[in-house]
1. When the range A:100-120 is examined, which residues are found to be within 25 Å of B:Ile726 (Cα to Cα) and part of a loop (DSSP other than H, G, I, E, B)?
2. In the range B:709-718, which residue that is in a helix (DSSP H, G or I) and not hydrophobic (A, V, I, L, M, F, W, C) is farthest from the other protein chains (Cβ to nearest Cβ)?
3. Run down B:Leu771, B:Leu736, B:Leu790 and say which single residue is in the same structural domain as B:Ala875 (by TED's automatic domain parsing) and closer than 23 Å to B:Pro697 by Cα.
4. What are the residues in the range B:719-755 that are surrounded by fewer than 12 Cβ atoms within 10 Å (Cβ to Cβ), within 13 Å of chain A (Cβ to nearest Cβ), closer than 29 Å to B:Lys683 by Cα and not acidic (Asp, Glu), if any?
5. Of everything in the range A:77-92 that's modelled with pLDDT under 90 and not hydrophobic (A, V, I, L, M, F, W, C), which residue is surrounded by the fewest Cβ atoms within 10 Å (Cβ to Cβ)?
6. Can you tell me which condition B:Glu706 does not meet? The list is (1) in a helix (DSSP H, G or I); (2) of a type outside the set (S, T, N, Q); (3) exposed (fewer than 15 other Cβ atoms within 10 Å of the Cβ), and all the others hold.
7. Would you point out the residue of the range A:98-114, among those that are more than 14 Å from chain B (Cβ to nearest Cβ) and surrounded by fewer than 18 Cβ atoms within 10 Å (Cβ to Cβ), that is nearest to B:Asp710 (Cα to Cα)?
8. Can you name every one of the helices (runs of 4 or more DSSP H) wholly within the range B:417-516 that holds 3 or more residues which are touching a Phe, Trp or Tyr at 6+ places or on another chain (Cβ under 9 Å), of a type in the set (A, V, I, L, M) and at pLDDT 75 or above?
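The values are calculated or read from the model by the stated rules, or taken from the named source; none is laboratory data. Everything quoted here is computed from the prediction, not taken from an experiment. Ideal geometry is used to build each Cβ from the backbone, glycine not excepted, and the neighbour counts take in all protein chains shown.
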Amino acid sequence: MSYTVLVVEDEPNIVLSLQFIMRQVGFTVRVASDGDQAIRAVEDYVPDLVLLDIMLPKQDGFAVCETIRNNPACHNVKIIMLSAKSREADREKALELGADEFVTKPFSTRDLGETVRRLMQIEA
Amino acid sequence: MSSGLVLTVSFLYLGLLFAIAHYVDTRAAVKRILSRNPYIYTLSIAVFCTSWTFYGSVGRAATTGLDFLPIYLGPTLVFVLWSFVWIKIIRICKQHRITSIADFIASRYGKSTALGGLVTVIAVIGTTPYISLQLKSIATSFRILIASSGGILPTAPVEPIFFMDTTLIVAIALALFAILFGTRHIDASEHHEGLVAAIAFESVVKLLAFLTVGAFVTYGIFNGFTDIFERASVDPELSRLFTVSQGEGYTLWMTMTLLSMAAIICLPRQFYITAVENPDENYMRKATWLFPAYLLVINIFVLPIAIGGRLAFAGTPADADMFVLTVPLYYDHGLISLFAFLGGLSAATSMVIVAAIALSTMVCNDLVMPVLLRWKWLGIGKNADLTGLLLTIRRCSILVILILGYGYYRFASESYSLVTIGLVSFAAAAQFAPAIIGGIFWKNATFMGAMSGLTLGFVVWLYTLLLPSLAQSGWLPISFIEEGPNSIWWLKPYALFGLEGFDRLTHALFWSMFFNIGGYWIASLLTQQKAIERIQAKLFVDVFLHTEDARDSSYWRGSVTIADLQQLVGRFVGVRKVADAFDAFAEERGINLRKSHTVDAALLDFAERLLAGSIGSATARVMIGSIVKGEIVSLDEVYRILDETSQVIEYSHKLEQKSTELEEATSQLQMANARLKELDSLKDDFLSMVSHELRTPLTSLRAFGEILHDNPEVSVQERSQFLGIIINESERLTRLIDQLLDLAKMEAGRMDWLLEEVDVAETINEAVGTLNLLIKDRNIDLTLSLDKDLPAIKADKDQLTQVVINLVSNAIKFCDAEQGEIKVAAWQGDEGLYCSVEDNGVGVPAPLKEKIFERFHQSHTVTQDKPQGSGLGLAICRQIVTFLGGRIWMENRAEGGARFYFVLPLSEQDTEQAAAE
């Protein structure tokens, strides 16, 4: 049984790259392109991992993160937040809201893969 | 009568006076009783009645009738109606330990030695005729008495006696007597009970003598008043005496009344005996009626004696001034004549003694001592004991004063009657009246006022009364009187400035008072009081307010020891006396004075008063000032300090103001800072946005670059897709960087604008042309609606193209995805050349209509899909349009979609053309 990852990102090209990487690691990839879609997607099917962009239409990533963490069904969901904003304040806020990792764009595909594997305890 | 007898009686009488004074001074009990007696005090005031009264009144009455009366009416009026003036003066004298009239005036106008000196000079010169009058009367009466025998009357004075001038002998004798009497004590402000008692005794003697002669004439020779007046009324020549003399009589009455009113206060001896020697202010209340009563009584027999004399000596050239003496002699009553002589002697001696003491005190304290103290090389200030020097000065001045009196007698007074001489003196004394009366009622009177008034009044007095009297005696050419000096008519001393028709006295009094009061008043108004004057003026005028606390006006600080002070005062007052006084002072205050202690203000004040009693307040101040020199804090300094304090206060006000300003500046700074922070955070936001916008394409570039690098096995299709993405994102990145740089340049004003005439229609066509591919791709229906003959405008063509491209690009992005419609229009309007770009998209929410023109205000929130673009397009448009002098805005169309407008001003040339059309 493979893990499922929800990619929440509004830049199509970045979504494409993340899909490629996560599939390589072995995830089933689902995509949401704004905050509302992300919430609905999580209610519909609880993923094992969420890759969550911060600058999103409708609701930003922080709000989505908070909602997921407040959902008892999503207790074990791992969240990695992605941001083009590299400010330390954003990282702190993300971790405070319950994100497991904070990754700054542009990211290294190898490092992201490593981080996901470590977080999900997947053998390379 | 033998001269031996007369001389013996005279010297016995003088000896008796001396004995009385000595007895009173040495018997403390007697002294106390006498000093508590208002009658003694009143009798001493009767020193006013001199030989002028004793002999002169009868002489005046015998020649001009009732004219003798005003001299007594004036004092009566002052005592009855104006005793409050006296009470005020007495209170002031006691408070300030005033020693003389000069001291009084000097003290009032700022303790000025100059003023004291001036008053002294005036007093001495003014009193000289008066003293000569006494000498004349004594000498004449003496000569008449010894020359007469058995009813035979000498027709002419006999000269000389003892081979010498009788008058000179009298002068010297009186000088010696006055010296013996008046300079036994040093402290002039102490009360001389012995002296006062002797003077009072003399008043009794002269009254009794006059009454005796009067009673003898009235009842001895005639049968009472009725008899005398009946006999006189028969004689038309004599009945004239019962009325006021015709013509100038009333003016003269007025003048003499006023003059004597002034004189009773301002004559140095009257001032001295009434104010300085007053033991108790309340005695004045008794004197108020007692002294006028004395004047009344001594005048009762004036007319009878005058008439008796006229009747007795009818047809002979007898001296009417000597009737008091000669009438009894005529009827061969030698004893009564002798008594009359004694009465005249007592009247004269009392005047001379008191005047000599008063004047010598003034000369010493206000004239000689200030000068001596100024001459440092004399070493006066260093001398151990100055009491001897002070006494010597006083004694010498008494001698000089009497010699002066004798000199005036020799040079001038032979040709005048007693009363005329006396009036000259009165007029001099009257010059003090404005300064004294003004001084105690008018606070604003200044030193310069007093100085000017006194000087002017005195000069006029000299010119209109004293100089003519010398001229008439042959010491000046008589033409001086008749034609004026150098025949200048308006300077004739008896008709100054052409004023004629008055008697000489009225004339002199009018002009001297005119200049005196005028000078006093005007100079007082024109000059400022110094601090010390201000204080003294207040202390004098408000003496009844300050009586309880008349501590003087200075604040002292410094390091003068009590020993120093005691030594200084001791030199003038006597060492033992000062020690006693200081002990009493300490005891009174319950403090212990140690010699090494420094002096406090109260003790210095006390010492100054002690010294003032001896050498006058002005000199005392100089002396005290010299010992504490450099350390005396004068009132001026206090005022200065106060000034400085107020300056400090003002300064601190300024500081306060400054600090308020600083606070304001601070809050402004805080606001500015807040604004800066805001701007900073805006800049932060901007940088954060820029960072985000740059990172987004970079993320794709890196991700796909790595994917391609790490996964050589990806399919050709995927590879080309990824490479396409990389190329697109690179372009996006380049575009973004270009726009950012453009915007930054424009905002910084560093953009290189190439302004030229631009054909707008052509520009729009070109711009739309660059987007044709995209428009066709999206299947958008674009229409151009450009008016023909659009004027050219001044602009940078590339930038203007940029604006149109941005707007059309936005329209392409936001128009309806399925059936996009874009319309571009251009026309000429009010503000210039208009251009609009409209689409059929969803439009812009009203609150964002302005915001969309801000950098990065782009809006994911508006559209469902992620829009393409940097978020800088509209911001750049706005920069360009604003730079070209136009404006840009957007409106939502009623039928949906947005419509962007911009308007650019026409170039000046076009505007002119438009106006011409």
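1. A:Lys105, A:Pro106, A:Phe107, A:Ser108
2. Taking the range B:709-718 first, the residues in a helix (DSSP H, G or I) are B:709-710, B:716-718.
Those still in the list that are not hydrophobic (A, V, I, L, M, F, W, C) too: B:709-710, B:717-718.
On the way: B:His709: 9, B:Asp710: 7, B:Gln717: 13, B:Glu718: 8 Å.
Going through the qualifying residues, I end up with B:Gln717.
3. Criteria check complete, one pass: B:Leu771.
4. Residues satisfying the conditions do not exist here.
5. Applying the filter and picking the extreme gives A:Glu88.
6. It fails just one condition, (3).
7. Filtering first and then ranking leaves A:Asp100.
8. Working: elements: B:418-430, B:432-441, B:447-461, B:467-472, B:479-482.
Filter on the range B:417-516 gives B:418-430, B:432-441, B:447-461.
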